Amino acid sequence: MAVTQDKAHQAWRAAERIKRLSDRLVGVGPIGLGLDGVLAWVPVAGTVYSLGAGALLIAAGFRGGASVPTLARMAAYLVVDSASSTVPVAGWAVDTLFPGHLMAAKALQKDIEARHGPSALPDSWDRKRKAKGGGRRGPKI
């Protein structure tokens, strides 16, 4: 079954949402922290979240028509990320620092972009967007 460009770009945007929520809610340079890292310290909840978000990413990969090698790479990242959260303390620390969902989402996004071109994000997702008309400070004179 051929995947349309629209369906592929919907999968790309789903991966973007999961990536931001899981590993980039707060970011400083290359280091990010999201729900996956925070919930890793809560027994069972971290594993449940990690598996659920991973399942959503894999489902997005299927919907977006990702290649088998891309799906395998995504699964490998997600297995490492989810398995580490089952080990108390040391595993939780690894899970906090290992951005498995981010890496899996990027792999999917690159696959989709290679076949269907880049997907545009809605303006509401652009965190760095500047205020129009001068913002709070008023217009420049």
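Only the coordinates and a few stated rules stand behind these numbers; no lab work does. All values reported here derive from a predicted model rather than from experimental measurement. Glycine gets a Cβ as well: all are built from the backbone with ideal geometry, and neighbour counts include every protein chain shown.
Can you give the Rg to Rh ratio of the chain, both from alpha-carbon atoms, with Rh computed by the Kirkwood formula? Present the calculation step by step, with values, prior to reporting the outcome.
On the way: Rg = 17.2 Å, Rh = 16.0 Å.
On the Cα set of the chain, Rg over Rh gives 1.07.
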* Asked: Most mobile of 41, 92, 12 per a Gaussian network model of the chain (Cα springs, under 10 Å)?
  -> 41
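Scanning the chain for helices, which whole DSSP H stretches are 15 Å or more long along the axis (Cα) and average 0.5 or more by Kyte-Doolittle? It would help to have the intermediate numbers written out before the result.
Details: long enough: 5-23 (26 Å, -1.48); 45-63 (27 Å, 1.21); 68-84 (24 Å, 0.95); 100-116 (24 Å, -0.49).
Counting only whole DSSP H runs, the qualifying helices are 45-63, 68-84.
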* Structure fact -> The number of Lys pairs in the chain whose alpha carbons lie under 25 Å apart, excluding pairs fewer than 8 residues apart on one chain, is 12
* Note the full-extension length gain between residue 75 and residue 59 as 0.36 nm times their separation in residues minus their Cα-Cα distance, in nm to one decimal. => 4.7 nm
* Top mean-square fluctuation among 13, 24, 115, Gaussian network model of the chain, C-alpha springs under 10 Å? -> 115
* Among 34-40, 2-8, 62-68, what's the highest-first ranking by average C-beta atoms within 10 angstrom per residue? -> 34-40, 62-68, 2-8
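Just from its helices, what would the mean residue ellipticity at 222 nm be for the chain, if runs of 4 or more DSSP H residues each count -39500 (n - 2.57) and the sum is divided by every residue, rounded to the nearest 500 deg cm²/dmol? Write down the numbers at each step before the final one.
Values: 6 runs with 85 residues, N = 141.
About -19500 deg cm²/dmol.
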* Structure fact -> Relative contact order of the chain (C-alpha contacts under 8 Å, at least 6 apart) in percent is 29
* Between 118, 43, 30, find the one with the highest GNM mean-square fluctuation for the chain; connect C-alpha pairs within less than 10 Å. => 30
